[in-house]
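Worksheet: the structure to be examined is printed underneath.
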Amino acid sequence: MKVRIKFTKTGILKYIGHLDLMRYFQKALRRTDIDVMYSKGFSPHMIMSFAQPLGVGVESLGEYFDLEIADTEDVSLIKDKLNVTMAEGITIEAVCVLPEKSENAMASVKAADYYIDFYDKKPDFTLLNETYLNSSELFYEKETKSGKKEINVKEFTFDFKIEESGLFIRTDASSGGNLKPGAFLEALFKKANLDLNEYKYHVMRQDLYTLNENNEFVSLGLIYA
Amino acid sequence: MQKCPIPEEIMMKIDHPERYIGNEINSVVKDKDKVDIRFAMCFPDVYEIGMSHLGIQILYDMFNKFEDTWCERVYSPWVDLHKIMKEEHISLFTLESKDPVKEMDFLGITLQYEMCYTNILQILDLSDIPLLSKDRTWDDPIVIGGGPCTYNPEPIADFFDIFYIGEGETMYRMLLDLYKESRKNGDSRKEFLHKAAKLSGMYVPQFYEPVYNDDFTLKEFKPLESDVPVKITKELVTDMDKTYYPDKPVVPFMKVTQDRVVLEIMRGCIRGCRFCQAGQIYRPVRERSAEYLKEKAVKMLKNTGHEEISLSSLSSSDYSQIEELVNFLVEDCTKKKINIALPSLRIDQFSVDVMSKVQDIRKSSLTFAPEAGSQRMRNVINKGLTEEQILNGAALAFKGGWTKVKLYFMLGLPFETEKDIEGIALLANEIAKTFYDTVPKEERVNGKVQITVSTSFFVPKPFTPFQWARMDKREDFIDKAEHTKHYIASQLNQKVIKYNWHEADVSMMEGVLARGDRRLSRVILNAYNKGCIFDAWGEYYHHDVWMQCFEEENIDPFFYTTRERAEDELFPWDFIDCGVTKAHLLREWHNAQNEKVTDNCKARCSGCGALKFDCGICVNR
Ligand code: SF4
Ligand code: SF4
């Protein structure tokens, strides 16, 4: 059967990259007695699929991976079995069973929420808000193999709000249009004539979303719950 | 939440910030107010190298089993962070508590290769600990060195307070107790070190003085206090089943070199290859029982979640219970989808059978280390491997489906002639021929065999029969490598033979440091001050800078390498007793000259001197 596992990645573990995180979970699963399914072949590997990789330096309260396990497993025990062997900063939040023909975590991701906390000097939030609302285009220069490319980040942003000491954004996180919060900030600050390098900030991913049949965003953890 | 002494802006700018975060599974965090002793254990190289070292894992586990001690880890910050830490005055910290290394009671540094010597200074410097032992106070940790390079600690004697000679499992408890008592009594640092110098295996350089002849050979090496030992005998574990070995090794987040469970099946080697230091200083061979190892393997795999287990020893085929152990692992591990790595197994029917079960034959390659090309030369170096054995092994492997072979040789061995160099090419060619003779055309999977010949340059090491040998010059090395290349190119099967060789400059410096004396501390210090670190990493080794340092300190580096040594010369390391006597080594040096082979410990005891430890193969024959 296939299960979806929701976890957090916070604190100093934000410096662990995606490949290391995958290896971390493979080892963690091996430390438990959970009966994980393996691919066939000479070097079998666990059948797992991670949702949109988190950038190094970004924390998250809502990460996901899907995992094939034996049908005999008691799903209600998986969370605790894993939590006793987690490093500080990674916590399993929920485990749910996926229907037979569900899309895997990676393919179903459509959007992500981020909270950006300016913990030192605060930028002029009113100015940023006005800039966002009044510009139809916010350009970010992306370096690609074939040279520089201008991207209108506004097209990939679904929501934007000022909240307390920071900004909240909901951006495209699909594999085709994934917008990184850093790219969004660069475009917005440039348009507002602010130098992003002068500000220190933390980014916290809050959750990942997919679309339901009514084209509404639903948390990846709730779609089949 | 966990601390990080390096600000976020810097962490995001450097390579692999995960090297500096600690917090790994099975790392040990204690309450610092509830321990008496804080020990920082350091491998002076980058995290992924240092974390792969078994010795530190063993000692880390041992120290942390002591209730009054908290052992933490520290590694060399990579060059990018090194520079920033110097500029921004960030003090080096331990990975567990993130507290400054300077606040620790001990800083233990393991010395695995000579080319890490400038990194010792890097660690001290970034920790704000005075580089020279004589300048330190109780505000600084006791800096203690261990590992194979302590068998000639003289080139780095000025930087260490104590060297622990031998295996760490035995004497640390006594040293820690002595330390606690000394601190309670309000002893001075010197008083403590003086007491430590009387403990078995401890060498405290400040209580000894080398006296030189006019030509800088050693005249005398004398204790400066009447109550410290004249000779320091190495420490060793006598029963390998009744000692420390971790059940829960630390599991790095980052992919490190040794990303697997490592099972040390025995210590020492029964073979006395005459160039090999490990074969002498770890004598006698001591095995762990298969029962003990099976239990450890199961526990360690369970506690780490690693997907691979590797056997570790100098020569695994000589382990008396190898078949039983390997069969157990194959059975147990394949069930759990765990790979088995079997390095240093001799190629015979058993190993070929096992490897075909646990390895992907198409991808893996077979390794032979004949070390010398001709039989005459293999007799000189006492490598008990005949051409027939190599070719039979290769034939077995080819029949089993392997097509890739790696061959390791040394150039510049004592008494080497042109014929021996040509022998390398001839042997490689014979192996290719064996492939074509054993595997019929229609069964050749990739069509052909791939043979890789690698040569390294011979570096004479202390406590080996070749400690008297002169080392080749850089030019000789390059010349010999060119000849090897030429001979390979003139073989019939040259198309399937690839040839690699190592840097000659680094080998030369390794040769200087390996048999160096205390005068070299000045040169190393000067090299560090001129920016040398990570000398073991080819691209960071600056030969010209090192040469300039020798010139400035008025020391001739060739004194240590190309000079002929008299048989009765007093060596800087002679005050250490590793068990094997100098008389035995000299006998072996003569046997080398006479191309005479000496039996291994299992076949016949050659009376090397290690019998006095009363353990291992010397008593269980
Ligand atoms: S087999 Fe020879 S080279 Fe290998 S460890 Fe033993 S003595 Fe050293
Ligand atoms: S005393 Fe004999 S058996 Fe023991 S290590 Fe030496 S040569 Fe080997």
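The values are calculated or read from the model by the stated rules, or taken from the named source; none is laboratory data. Computed from a prediction, not measured in an experiment: that's the story for all the values here. Glycine also receives a Cβ, built like all others from the backbone with ideal geometry; neighbour counts cover every protein chain displayed. Heavy atoms of the whole protein, side chains included, go into the accessibility calculation; ligands, DNA and RNA do not. Shrake-Rupley method; radii C 1.70, N 1.55, O 1.52, S 1.80 Å.
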Inset, instruction - With a 1.4 Å probe and every protein chain kept in, tell me what percent of the accessible surface of the protein assembly as shown is carbon plus sulfur. - result: 50 percent
Inset, instruction - Give the longest segment of chain A that steers clear of GluC sites (Glu not before Pro) in DSSP loops with at most 12 neighbouring Cβ atoms within 10 Å, not counting the sites themselves. - result: A:1-99
Inset, instruction - Let me know the shape class of the stretch B:467-621, please: from the alpha-carbon gyration tensor, a ≥ b ≥ c as square roots of the eigenvalues, rounded when a/c is under 1.5, otherwise prolate if a/b is greater than b/c, or oblate. - result: oblate
Legend entry - Residue list for the stretch B:98-141, given a label point 7 angstrom along the Cα-to-Cβ vector of B:His543 and an amide N cut-off under 17 Å: B:115
Legend entry - On Cα atoms only, tilt of B:543-552 relative to the major axis of chain B in degrees: 50 degrees
Inset, instruction - Subtract the Cα-Cα distance of B:Asp476 and B:Asp80 from 0.36 nm times their separation in residues, and report this length gain in nm to one decimal. - result: 139.0 nm
Legend entry - Global geometry of the stretch B:305-345, whether rounded, prolate or oblate, following the gyration tensor of its Cα atoms and the 1.5 cut on a/c: oblate
Inset, instruction - Enumerate the amide H contacts of A:Thr91 below 5 Å, restricted to partners 5 or more residues apart or on another chain; note that Pro and chain-start residues carry no placed amide H. - result: A:Thr8
Inset, instruction - Evaluate the relative contact order of the stretch A:109-219 (contact order divided by residue number), counting alpha-carbon pairs under 8 angstrom at least 6 apart; express in whole percent. - result: 41 percent
Legend entry - Rg [Å, one decimal], Dmax [Å, integer] - chain B, C-alpha atoms: 24.7, 81
Legend entry - Computed FRET value (nearest 0.05) for B:Thr367 with B:Asn594, which takes r as the C-beta separation and R₀ as 41 Å: 0.85
Legend entry - Vicinal HN-Hα couplings computed from phi for the stretch B:399-415 (Karplus, 6.51 cos²θ - 1.76 cosθ + 1.60; Hz; Gly/Pro x): 4, x, x, 6, 10, 10, 10, 10, 10, 10, 9, 10, 10, x, 5, x, 6
Inset, instruction - Would you pull out the residues with amide H under 5 Å of B:Glu264's amide H, same chain only if 5 or more places away, H placed 1.01 Å from N? - result: B:Ser312
Inset, instruction - Measure nothing but the geometry: give the 0 to 90° angle between the long axis through the Cα atoms of B:79-88 and the longest principal axis through the Cα atoms of chain B, rounded to 10°. - result: 10 degrees
Legend entry - Degrees between helix B:322-335 axis and first principal axis of chain B (Cα, 0 to 90, nearest 10): 80 degrees
Legend entry - Using a Förster distance of 35 Å, the FRET efficiency for B:Lys219-B:Leu611 (Cβ separation, nearest 0.05): 0.65
Inset, instruction - With label points built 7 Å along Cα→Cβ from the Cα atoms of A:Phe42 and B:Lys32, find their separation and express it in nm. - result: 5.1 nm
Legend entry - Calculated FRET efficiency for the pair B:Arg189/B:Ser490, C-beta based, R₀ 41 Å, to 0.05: 0.05
Legend entry - Within the stretch A:76-185: Cβ-based charge dipole about Cα centre, in debye rounded to nearest 20 (Lys, Arg +1; Asp, Glu -1): 360 debye
Inset, instruction - Using just the helices of chain B, give the 222 nm mean residue ellipticity in deg cm²/dmol: DSSP H runs with n ≥ 4 each add -39,500 (n - 2.57), and the total is spread over all residues, rounded to 500. - result: -10000 deg cm²/dmol
Legend entry - In sequence order, calculated HN-Hα J values of the stretch B:508-525 (Karplus, 6.51, -1.76, 1.60; Hz; x Gly/Pro): 4, 5, 4, x, 5, 5, 4, 10, x, 10, 5, 4, 6, 3, 4, 5, 5, 4
Legend entry - Under Karplus coefficients 6.51, -1.76 and 1.60, residue-wise ³J(HN,Hα) of the stretch A:6-13 in Hz, glycine/proline x: 9, 9, 9, 9, 10, x, 5, 5
Inset, instruction - Quickly work out the B:Lys198-to-B:Glu67 label distance, labels modelled 7 Å from Cα along the C-beta direction, and quote it in nm with one decimal. - result: 2.9 nm
Legend entry - Amide hydrogen neighbours beyond the local backbone of B:Ile576, cut-off 5 Å, H modeled: B:Ile232
Inset, instruction - Let me have the relative contact order for chain B, percent, based on Cα pairs under 8 Å that are six or more residues apart. - result: 14 percent
Inset, instruction - Report the antiparallel proportion of the DSSP beta bridges in the protein assembly as shown as a percent, rounded to a multiple of 5. - result: 55 percent
Inset, instruction - Towards the positive end of the charge dipole of the stretch B:412-485, with charges on Cβ (+1 Lys, Arg; -1 Asp, Glu), say which of B:Thr438, B:Phe463, B:Gly412 has the farthest Cα. - result: B:Phe463
Inset, instruction - For the stretch A:2-107, build the charge dipole from Cβ charges (+1 Lys, Arg; -1 Asp, Glu) around the Cα centre, then report which of A:Gly17, A:Ser39, A:Leu98 sits farthest towards its positive end. - result: A:Gly17
Inset, instruction - Between B:Ser320 and A:Glu198, with labels modelled 7 Å along Cα→Cβ, what's the label distance in nm to one decimal, could you check? - result: 7.7 nm
Legend entry - DSSP-assigned coil residues among trypsin sites (Lys or Arg not before Pro) in the stretch B:219-252, each with at most 16 further Cβ atoms within 10 Å: B:Lys231, B:Lys242
Inset, instruction - Please arrange B:Leu366, A:Leu19, B:Leu199 by accessible surface area, largest first, computed with a 1.4 Å probe and ligands excluded. - result: A:Leu19, B:Leu199, B:Leu366
